[in-house]
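Notes follow the structure.
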Amino acid sequence: MSQLKFYGMLQSYQTLLETNQHHSLNNDEIVSMLIQAEWEDRQNRKINRYIKTAQFRYKANIEDIDFTANRALDKTQLLRLADGSFIQKKENLLITGPTGAGKSYIASALGYQACLMGYKTLYFNAQKLFPQLNMSKADGTYLKQIAKIERHDLLIIDDFGLQPLDAKNRMMLLEIIEDRHGRRSTIISSQLPVANWYDIIGDSTVADALLDRMIHTAHRIELKGESLRKRKMK
C-alpha cells in the first residue's frame, strides 16, 4: 500500500489491526472501509493542494464573515454564491466598496470555499499580478503563465484599479479576461465603483471590450459603510 501511495488505505488498515476491529468485519466490509478511507484521503490532499496553490491573502471562511456590520452585505446573496453555482455556470463576481469594508476577505472566503468544493482557484493582488506577468515576458514564460491562469476554475483579482493601467497591462488583462470569458469564473474586487473602471482601464476600445466581458451578467456585491478595521480599533 505504501509503495502504491495508498496512504489513506494504509492508515485505515493499520488502525483496524491496532484496534482489532477487523475481527468483527467481513471481507466486503473491510474492503469497503479501506476504499472509502483512500478516497477521503485523496480528496483531502487535493483540497489542501488547491488551497496552497491559490495563495490567498487571508485565511478566510464563509462562517467567519461578519454580517452584523452595517455595510449593505446581503447574507442570502453571499450564501448563494458560496454554493459554487456561479462557478459551475462560468459567471463572474464584482466586489466593490471602500477601504477596509472586507472586500478581500469576502473574495478569499469564496475562493477558499471553491477549493473545498474541488474548484482550482488562483488569487492575485492586481498590483503584483501585472509586474509578475511583465517579468514572465522577459524570461519567456508568459504564455505558460497565461495558460496556467486560464486553466483555473476561479481567478480572483484583488484591489483592482488602485492605479491606471498602462498599454501593456491593459492588453494583458484583456487577454486574461478574453480567455476566461464564458469558460471560467473571475472575481474582481475594487475600491472604485464599477462606473469608474472605464477611466482606470484607459483606452476606450480596450475598455469597451473588457467591460463588456467583465460586467454584463456578473453578480455584484457593493459594500458600504466605514472600515471594519477602524471599528475594531474603537
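The values are calculated or read from the model by the stated rules, or taken from the named source; none is laboratory data. A quick note: this is a predicted structure, and the numbers were derived from the prediction, not measured. Because the Cβ atoms are built from the backbone with ideal geometry, glycine has one as well, and the counts that use them run over all protein chains shown. For accessibility, only protein heavy atoms count, side chains too; no ligands or nucleic acids. Shrake-Rupley method; radii C 1.70, N 1.55, O 1.52, S 1.80 Å.
Quick notes
- Entry remark, segment 143-169: residues being small (Gly, Ala, Ser) and touching a strand residue (DSSP E or B) at 6+ places or on another chain (Cβ under 6 Å) number 1 in total.
- Selection status of residue 16, open to solvent by less than 60 Å² (accessible area, probe 1.4 Å), free of Cβ contacts under 8 Å to residues at least 12 places away in the same chain, among the aliphatic types (A, V, I, L, M) and assigned to a helix (DSSP H, G or I): no
- Condition met for residue 140 (on the phi > 0 side of the Ramachandran plot and either of a type in the set (Ser, Thr, Tyr) or free of Cβ contacts under 8 Å to residues at least 24 places away in the same chain (or both)): yes
- If the condition is being aliphatic (A, V, I, L, M), over 26 Å from residue 152 (Cβ atoms) and under 31 Å from the mean Cα position of the chain (by Cα), then segment 1-54 contributes 9, 35, 37.
- Complete set of residues in segment 55-78 that are part of a loop (DSSP other than H, G, I, E, B) and in contact with a strand residue (DSSP E or B) (Cβ under 8 Å, 6 or more places away or on another chain): 55, 56, 57, 72, 73, 74
- So residue 67, is it loosely packed, with under 13 Cβ neighbours inside 10 Å, touching a helix residue (DSSP H, G or I) at 6+ places or on another chain (Cβ under 8 Å) and of a type in the set (Phe, Trp, Tyr): yes
- Filter result for residue 110 (in a strand (DSSP E or B), of a type in the set (A, V, I, L, M), touching a residue at least 40 places away in the same chain (Cβ under 8 Å) and within 14 Å of residue 186 (Cβ to Cβ)): no
- Tally, over segment 104-121, of residues that are of a type outside the set (Ser, Thr, Tyr) and open to solvent by 10 Å² or more (accessible area, probe 1.4 Å): 5
- Filtered residue count, segment 122-168, keeping only those that are open to solvent by 80 Å² or more (accessible area, probe 1.4 Å) and more than 27 Å from residue 204 (Cα to Cα): 4
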